[in-house]
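Everything on this sheet refers to the single structure shown next.
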Amino acid sequence: MRPLKNLCEIAVIGAGLAGLSAARHAAHLGRLVTLFEGSGLYGGLLATVGEVDGLAVPGRFSGQDLAIHLLQDARKAGVQVAETAIAKIEMDQRLTVTDLENKCHHPEAIIIASGASLRKLGVPGEEELIGRGVSRCATCDGGFFRGQDVVVVGGGDGAVHEALVLAKTSRRVIMVCRSPLKAKRDYIEKLAARENVSFIWESEVSAILGDDGVSGVRLRNVKDGTSSDIECQGLFPFIGGVPNAQFVPASLLTATGHIKTTAGLATSHSRVFAVGAVRADYGGNIVQAMAEGVGAAEAAARLLVH
């Protein structure tokens, strides 16, 4: 009797833009694909972006719109979606992916696209005030701070984008930055045109103030160590990301917890690939994420036995 065909030839872990692109493309190449996503947030962090830029396509659309389009197309192409996270990956004679429901899957190739989570400030008051003034989504929560003062922490694309969204409705947006802005030039130019945006340089948040809600933040100057308090009703921290790689074998990780890959997106195991924000040296833009997903799908498909 002929052995049954593996129902999961390629396992894609994570349904951000990189993962959705990988699963969709691998399925279009005729491969049996299972896409694992435990958070229910398709599109990853981009799903909270109100308007996507950087893509060479006409029209305006949100991150959620783009993610839903990719997900629907992936399903039409035959991608099986498993709404569960992954507990571990084993790379013995046979690849094994174990999900949080303790089900084992044996794909012939794995594409890890689990992305990153926003880094926490790690200061007093942060955990207690999440949802009560501390937010990581201006598109979702900006309306709660209409006509009020808010603080955005960070100087990269994410922080500046949040500041631009908040500046449309908040009375004042205060950006707290340890160093000069590192965001894209057009973002910085748009920010400079906003009269209600101000900056506090060479500083970091050392505590979040408030009992039932955010009433202010305590800042520490990173040069001289002096402290100062400023009043605000909302705080939006965007100080980088932490790779979601808890389930990945330690042998594949760098000292920072990212996955090390070759130029072809393969790890030290030839049938395990990594794409997007979980990967070391990822550049951080939408186009690159989607292109890496497609590239890994092509490479994985080539490896499979016909």
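Here are a few things to note about the model shown:
- Simple Cβ-charge dipole of the chain, Lys/Arg +1 and Asp/Glu -1, about Cα centre, in debye nearest 20: 720
- Environment charge at T98 (Cβ cut-off 15 Å; Lys +1, Arg +1, Asp -1, Glu -1): -1
- Here segment 49-203 is treated with +1 on each Lys and Arg Cβ and -1 on each Asp and Glu Cβ, and its dipole about the Cα centre works out to around 420 debye.
- In sequence order, calculated HN-Hα J values of segment 80-85 (Karplus, 6.51, -1.76, 1.60; Hz; x Gly/Pro): 8, 9, 9, 7, 8, 7
- Lysines whose Cα lies under 29 Å from that of K260, excluding same-chain neighbours fewer than 8 positions away: K88, K103, K120, K182, K184
- Partner aspartates and glutamates for K190 [C-alpha distance under 17 Å; skip if fewer than 8 residues away on the same chain]: E51, D53, D157, E162
- Amide proton proximity set for V153, modelled H, under 5 Å, gap of 5+: V176, F236, F238
- Using only alpha-carbon positions in segment 46-201, the gyration tensor eigenvalues give semi-axes of 37, 20, 15 Å once each is multiplied by 5 and square-rooted (largest first).
- Taking the DSSP beta bridges with both ends in the chain, the antiparallel portion is around 45 percent.
- Extent along principal axes [Cα atoms of segment 140-262; Å; largest to smallest]: 49, 33, 31
- The Cα atoms of the chain define a convex hull whose projected area, averaged across directions, is 17.8 nm².
- The ratio of the alpha-carbon radius of gyration of segment 84-176 to the globular-protein estimate 2.2 N^0.38 Å is 1.60.
- Cysteines in the chain lacking any other cysteine Cβ under 4.7 Å from their own Cβ: C8, C104, C177, C232.
- Charge dipole (the chain, unit charges on Cβ, about Cα centre) - positive-most of A23, A250, I230: A23
- Accessible surface, per residue, of the chain when the full set of protein chains is kept, probe 1.4 Å, Å²: 50
- Using just its DSSP H runs of length 4 or more, each adding -39500 (n - 2.57), the chain gives a mean residue ellipticity at 222 nm of -6500 deg cm²/dmol after division by all residues.
- Unit charges at the beta carbon, dipole of segment 58-128: most positive-side option, Q80, L121, T98: Q80
- Segment M91..E189, full-extension length gain: 30.5 nm, with 0.36 nm per residue of separation and the alpha-carbon distance subtracted.
- Of the trypsin sites (Lys or Arg not before Pro) in segment 81-121, those whose Cβ has at most 15 other Cβ within 10 Å and which sit in DSSP loop: R94, K103, R119, K120
- Carbon plus sulfur fraction of accessible area for the chain, probe 1.4 Å, in percent: 51
- Using θ = phi - 60° in the Karplus curve 6.51 cos²θ - 1.76 cosθ + 1.60, the 3J(HN,Hα) couplings for segment 189-197 round to 5, 5, 5, 5, 7, 8, 6, 9, 10 Hz; x is entered for Gly and Pro.
- Size descriptors for segment 112-166: radius of gyration and Dmax over Cα atoms are 12.4, 42 Å.
- Nearest-ten-degree value, helix 286-303 long axis tilted from longest Cα axis of the chain: 20
- The mean sequence distance of close C-alpha pairs (under 8 Å, at least 6 residues apart), as a share of the length of segment 129-279, puts its relative contact order at 23 percent.
The values are calculated or read from the model by the stated rules, or taken from the named source; none is laboratory data. Keep in mind that this is a model prediction, so the values were computed, not measured. Glycine gets a Cβ as well: all are built from the backbone with ideal geometry, and neighbour counts include every protein chain shown. Side chains included, ligands, DNA and RNA excluded: accessible areas come from the protein's heavy atoms. Shrake-Rupley method; radii C 1.70, N 1.55, O 1.52, S 1.80 Å.
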